[in-house]
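Visitor: The structure that follows is given in the form of structure tokens.
The values are calculated or read from the model by the stated rules, or taken from the named source; none is laboratory data. Just so it is clear, the structure is predicted and the values come from calculations on it, not from any experiment. Glycine also receives a Cβ, built like all others from the backbone with ideal geometry; neighbour counts cover every protein chain displayed. Just so you know, the surface numbers come from the protein's heavy atoms only, side chains and all, with ligands and any DNA or RNA stripped out. Shrake-Rupley method; radii C 1.70, N 1.55, O 1.52, S 1.80 Å.
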Amino acid sequence: AQSVAQPEDQVNVAEGNPLTVKCTYSVSGNPYLFWYVQYPNRGLQFLLKYITGDNLVKGSYGFEAEFNKSQTSFHLKKPSALVSDSALYFCAVKSYNTDKLIFGTGTRLQVFP
Amino acid sequence: DTAVSQTPKYLVTQMGNDKSIKCEQNLGHDTMYWYKQDSKKFLKIMFSYNNKELIINETVPNRFSPKSPDKAHLNLHINSLELGDSAVYFCASSQSYQETQYFGPGTRLLVL
């Protein structure tokens, strides 16, 4: 069975500091991994994905994520946080042979000025 | 140019009523989805359609019935609304099951 864990309900970081939002997954076969962001009262916006290839994936708004197969992780990172990055971040996974996308419980990122 | 649009944006209704939410995508995608986001922000897939054919039907009460008149539209009809149906419902679409899903803005349903 597919599953995603986001162990932190909230991450607090000062503006200008690097940020990491953690995600681990469980899936049979090769995983398709995604990060989405949700701003208040808005829909989900796609940030980046890993399908295959380079383990470091770069996405929108300066975000990147690193796929680590041995640790079954796909942590989201940004070198320098902005106050405007404050939002709810979702990690999601699906197996290569299905369109059933399983979401984590979300991590609220709060960037303080 | 809204890629995935939903109507209405807000829906307030009484228990027992029947309501519909409409979704349209102009991305030319073959697959469309409905998700439910509960009050704790937990997101779960409800249905997916590929070229008007039902692919995924999670353990959703049969009061919920998706209808896809064509591959650009996937509507959600809900009969006999209950308090627990209050949630945000998101529509999404993707080119195929392997590709990225793009989400609509959501419909906030409140059942009183």
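Visitor: Under a GNM of chain A (C-alpha, springs under 10 Å), which listed residue has the highest mean-square fluctuation: A:P31, A:P79, A:P40?
Guide: Highest fluctuation among the options: A:P40.
Visitor: If you keep only loop residues by DSSP, which GluC sites (Glu not before Pro) in segment B:1-83 have at most 14 other Cβ atoms within 10 Å of their Cβ?
Guide: Loop-located and lightly packed - B:E58, B:E82.
Visitor: On to the next question. Out of segment A:5-113, which trypsin sites (Lys or Arg not before Pro) are coil in DSSP terms and have no more than 10 other C-beta atoms within 10 Å?
Guide: A:K69
Visitor: Can you say what percent of the DSSP beta bridges in the protein assembly as shown, counting only those with both residues inside, are antiparallel? Round to 5.
Guide: Numbers: 70 of 79 bridges.
Beta bridges within the protein assembly as shown, antiparallel portion: roughly 90 percent.
Visitor: Can I ask one more? Per residue, how large is the accessible surface of the protein assembly as shown? Use a 1.4 angstrom probe and give square angstrom.
Guide: Details: 10720 Å² over 225 residues.
Normalised by residue count, the accessible surface of the protein assembly as shown is 48 Å².
Visitor: Here's something else I'd like to know. Counting pairs of alpha carbon atoms under 8 Å apart in space and at least six apart in sequence, what relative contact order in percent does segment B:37-102 give?
Guide: 25 percent
Visitor: Mind checking which of B:Q37, B:Q101, B:Q14 has the largest fluctuation in a GNM of chain B, springs on alpha carbons under 10 Å?
Guide: B:Q14
Visitor: Below 8 Å, C-alpha to C-alpha, sequence gap of six or more: please give me the relative contact order for chain A in percent.
Guide: Numbers: 289 pairs, mean separation 43.2, N = 113.
38 percent.
Visitor: Loop-only check: which trypsin sites (Lys or Arg not before Pro) in segment B:1-76 are DSSP coil with at most 15 other Cβ within 10 angstrom?
Guide: Taking segment B:1-76 and a limit of 15 other Cβ atoms within 10 Å, the loop trypsin sites (Lys or Arg not before Pro) found are B:K9, B:K40, B:K41, B:K52, B:R63.
Visitor: Under a 10 Å cutoff between Cα atoms, tell me which one of B:N26, B:N50, B:N75 has the largest fluctuation in the Gaussian network model of chain B.
Guide: B:N26
Visitor: Can you give me the C-alpha center-to-center distance between segment A:35-110 and segment B:61-112, rounded to a whole angstrom?
Guide: Cα centroid of segment A:35-110 versus Cα centroid of segment B:61-112: 23 Å apart.
Visitor: Now, a different point. Test of understanding: extend the Cα→C-beta vector of B:T100 to 7 Å, then name every residue of segment B:1-36 with backbone N under 13 Å from that spot.
Guide: Answer for segment B:1-36: none.
Visitor: May I ask you to work out the translational diffusion coefficient for segment B:1-75 at 10 °C, viscosity 1.306 mPa s, via Stokes-Einstein with Rh from the Kirkwood sum over Cα pairs, reported in whole µm²/s?
Guide: Values: Rh = 13.4 Å.
Diffusion coefficient, whole number: 118 µm²/s.
Visitor: Apply the Karplus curve 6.51 cos²θ - 1.76 cosθ + 1.60, θ = phi - 60°, to the phi angles in segment A:87-99 and return the couplings in whole Hz, x for Gly and Pro.
Guide: Along segment A:87-99, the couplings run 4, 9, 10, 10, 9, 9, 9, 8, 6, 5, 10, 8, 9 Hz.
Visitor: Can you quote the Å³ per residue value for the convex hull of the Cα atoms in the protein assembly as shown, rounded to an integer?
Guide: 124 Å³
Visitor: While we're here: About the Cα centre of segment A:3-108, how large is the charge dipole given +1 on each Lys and Arg Cβ and -1 on each Asp and Glu Cβ? Please answer in debye to the nearest 20.
Guide: In total the dipole reaches around 200 debye.
Visitor: For an R0 of 41 angstrom, estimate the FRET efficiency from the Cβ-Cβ distance between A:Q71 and A:N41 and round to the nearest 0.05.
Guide: Computed FRET efficiency for A:Q71 and A:N41: 0.75.
Visitor: Something else about it: Can you give me the relative contact order of chain B as a percent, contacts being Cα pairs under 8 Å and 6 or more apart?
Guide: Value for chain B: 37 percent.
Visitor: Report, please, the projected area of chain A averaged over directions, based on the convex hull of its C-alpha atoms, in nm².
Guide: Numbers: hull surface 27.0 nm².
For chain A, the mean projected area of the Cα convex hull comes to 6.7 nm².
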